[in-house]
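I have placed the structure first, in the form of structure tokens, so that the comments after it can refer back to it.
Only the coordinates and a few stated rules stand behind these numbers; no lab work does. Remember, it's a predicted structure, so these values are computed and weren't measured experimentally. Virtual Cβ from ideal backbone geometry, glycine too; neighbours counted across all protein chains shown.
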Amino acid sequence: MSRRGPRPVNERLRGLLVMLPWLAERQVVSTEEMAAHFDLPVDDLVADLTLASMCGISQDPRHLIDLYIDEGMVHFGLTKYFERPLRLSQAEAASLVVAAKAASALPSADESDALSRAIRKIEAVLGADAVNTVDVQIDLPETVPPLRDAVTDRAVVVLEYWTPDSGRTARRVVEPIEVFSDGPHWYLRGIDRDQRAERTYRVDRIAEWTRSGEQHSAPFTPRRDWFADAPELPDVTVVIESGWRWVIEPYPVRSVDELPDGSLRVRLVVTNRRWLERLLVRLGTHARVETPLDRRAVGKDIAEVMLIRYRMT
């Protein structure tokens with residue numbers, strides 16, 4: 001099954017800032033329910049909660065949060081230490097508000113949750129002057145809010161969608177399931193009526209879109225790993241120098257093996273040749289294609305094309 005490499009730590013931390021207050025209100029909840037609420041695969045949720053269970057003011061078990069998973073149920077509680085009132089300076093409190101506002105602006109949070117209420121309480125103590133200087137915004141593509149509304153209204157949408165393979169736009173009729181972000185990009189996930197299958201569309205590749213006027217009854221399904229439903233897609237095996245490990249984070253991979261010299265042998269899913277060309281240009285001499293044989297010269301070929309075009313300008 002295809003999967004992404006390790007998720008960035010800052011992304012996981014932002015998610016935990018939203019999840020833990022939500023969990024504190026419920027104390028016991030199933031992993032399936034929590035994963036669906038936060039649009040995470042269950043395995044990713046369990047990994048994040050396992051990380052959170054090791055958090056505290058020290059590694060003394062008395063100072064760690066009480067968080068564990070048993071038979072598919074998440075159990076959460078706070079030790080007595082965390083029941084003590086915090087003694088924060090104004091600067092510390094303001095920093096806390098900034099971090100909390102950034103977390104509350106994430107798609108998984110809403111204005112009525114515990115985190116938002118905590119922000120309002122701290123702001124009340126800080127006073128208007130300090131609060132008015134804090135303004136946290138997360139930039140959203142202008143297409144995202146109306147697409148979210150279409151998801152909420154269960155409205156069928158018609159997309160003019162550009163694909164890098166053909167360099168053209170094509171009409172897609174989609175029953176939208178969710179809008180979500182992954183790394184720097186936003187995506188629309190839904191059922192493609194022509195393909196009769198679930199597909200994911202990058203929002204910045206939607207040239208235009210409209211509602212069809214119909215409603216759909218497609219059920220919400222948990223998000224799967226990238227390309228989990230596309231085993232037919234080809235892959236390439238690339239050997240990457242140890243200092244360029246970042247490549248496994250944003251890209252879908254099928255396997256990663258560390259070699260004795262510290263370099264990585266990575267099997268990457270290849271959606272199209274242009275994507276592979278761009279990646280190899282970025283990596284330059286720090287990577288080489290191992291298999292298949294007919295892809296070994298891709299990086300060299302595209303570099304030569306770029307050099308010829310540069311000389312012609």
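Remarks
- In this structure the amide hydrogen of I65, modeled in the peptide plane, comes within under 5 Å of the amide hydrogens of C55, none closer than 5 places in sequence on its chain.
- The trypsin sites (Lys or Arg not before Pro) of region 168-200 meeting both criteria, a DSSP state outside H, G, I, E and B (loop) and at most 13 other C-beta atoms within 10 angstrom of the site's C-beta, are R196.
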